[in-house]
Each structure stands twice: as structure tokens, then as C-alpha cells.
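The values are calculated or read from the model by the stated rules, or taken from the named source; none is laboratory data. Only a predicted model underlies this, so the values are computations on that prediction, with no experimental measurement involved. Methodologically, a virtual Cβ is constructed for each residue, glycine included, from the backbone with ideal geometry; neighbour enumeration extends over all protein chains shown. Only protein heavy atoms, including side chains, enter the accessible area calculation; ligands, DNA and RNA are left aside. Shrake-Rupley method; radii C 1.70, N 1.55, O 1.52, S 1.80 Å.
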Amino acid sequence: MSSILTSLGRTVFAGFVLLVLIIFALGGNVSSIELPFLFRWIHVMVAMMWVGLLWYFNFVQIPSMSKIPDEQKPAITKVIAPTALFWFRWAALFTVVSGLILAVLNGYAHQAFTLQAPFRAIGLGMWIALVMAFNVWFIIWPNQKRALGMVVVEPEIKAKSARVAMLTSRLNTLLSIPMLFLMIVQSHNTTWFVVSS
């Protein structure tokens with residue numbers, strides 16, 4: 001077992017094997033999986049990675065940086081943060097893409113994006129997620145590259161970039177709360193909103 005768990009690749013592969021075994025044990029038929037369900041599952045998986053990393057940055061890494069001695073900070077800024085940011089930005093992209101595919105497959109993409117009933121909640125959630133993904137790719141990532149020294153800049157620009165990245169990350173944390181609620185409430189609690197035509 002330790003040979004599986006010491007490799008991330010083998011661990012993830014084993015997770016998929018376990019899933020298939022559970023599906024078969026419960027009498028499931030893999031060939032009958034519907035495409036919308038498959039994309040919903042993918043969407044949830046990558047969204048968990050995206051929001052999980054967003055919350056890791058804001059609840060763990062950012063508050064901890066001031067407590068780390070200067071000589072140990074390169075472990076975070078040169079190794080951990082760049083790797084976390086790689087998975088963070090690609091999870092954001094795959095969350096948006098899989099969500100758009102899911103909306104198209106389920107036939108509510110146009111109504112959701114134009115905030116029409118009965119898809120206003122998920123539509124607003126989708127718009128918020130798009131703003132968050134834009135922030136990841138076009139504000140947080142370019143500023144983090146400067147803040148982490150991946151792009152060499154003057155110290156004052158580096159400090160300003162770190163602050164902009166942090167504040168935008170905090171904005172995304174703020175937005176993630178209503179976004180997640182709106183995504184879930186659309187299909188799991190229809191009594192929260194009065195649905196009108």
C-alpha cells in the first residue's frame with residue numbers, strides 16, 4: 001500500500017480504480033454513464049481543487065508567511081507557491097470549461113448567462129466564477145510571477161505585485177462564498193428563490 005501512496009500519480013490512479021470497483025460492486029454500469037453526469041463530476045472535482053487551493057492560500061499560506069523566518073521563505077516562494085499556483089490556475093480554467101460544457105449539455109447555458117428564470121441562481125454563480133477565473137489568470141498569476149521572482153522587477157514593484165495578488169485572492173475568497181451557494185442552491189433547494197418568468 002505504501003508504494004501506491006508514496007506516488008501522487010499512483011495514488012490518483014488507485015482512486016480511479018477504487019471508484020470503478022465501487023461502481024461495479026453497487027451494480028453500476030459504466031457504459032450507461034450519461035455525458036452530463038460525467039461533466040458534472042469532472043466539474044465538481046476540478047472546482048474542489050480550485051477553491052481548495054484558493055482557501056489554502058488565504059487561510060494557510062498568506063497568514064503563515066509573516067511567521068516564517070526569512071531564510072526559510074524561499075521554500076515557499078520558490079517551490080510550494082509556484083506549484084500550487086500551477087494547479088490553481090489550471091483548475092480554475094478546467095472548472096470554467098467543464099461548467100460551460102455542462103450548461104450546454106443540460107440545455108440551460110443561454111438562460112443562465114442571460115439570468116433568465118428558472119436559471120438565475122446558477123447563472124449568477126457562473127458569472128461570479130468567470131470573474132474569479134479572470135482574476136486568477138489575468139491579475140493574480142501575472143502579479144504572483146513578479147512577487148515570487150519568476151519575473152525580475154524592482155523591489156517596490158515586487159512588493160506592490162504581492163499586495164495586488166493578495167487582495168485579488170482575498171476578493172476571490174469573498175466571491176467564492178456566494179458563488180458556491182448559488183451553484184448548489186439551483187438544483188438542491190428551489191425554495192430559496194421565487195422563480196418567475
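Once the Cβ-Cβ distance between K145 and F24 is put in as r, and R0 is 45 Å, what FRET efficiency do you end up with, to the nearest 0.05?
Given R0 = 45 Å and the Cβ-Cβ separation, E is 0.50.
Carbon and sulfur: what percent of segment 1-85's accessible surface (1.4 Å probe)?
Taking all protein chains in place, segment 1-85 shows 74 percent carbon and sulfur surface.
Could you work out the relative contact order of the chain? I mean the mean sequence separation of Cα pairs under 8 Å and 6+ apart, divided by the number of residues, in percent.
21 percent.
Among the lysines, which have Cα under 18 Å from the Cα of K158 when same-chain residues fewer than 8 positions away are ignored?
K73, K78, K145
So what's the gap between the Cα centers of segment 44-101 and segment 7-35, to the nearest angstrom?
After rounding, the separation between the Cα centres reads 27 Å.
Taking Cα Rg over 2.2 N^0.38 Å as the quantity of interest, determine which of (1) 1.21; (2) 1.09; (3) 0.97 was computed from the displayed structure.
Label (1) holds the value from this structure.
Between L180 and I4, with labels modelled 7 Å along Cα→Cβ, what's the label distance in nm to one decimal, could you check?
2.8 nm
Can you tell me how much longer the chain between H110 and D70 gets when fully stretched, taken as 0.36 nm per residue apart minus their C-alpha distance, in nm with one decimal?
Taking H110 through D70 to full extension adds about 9.3 nm, to one decimal.
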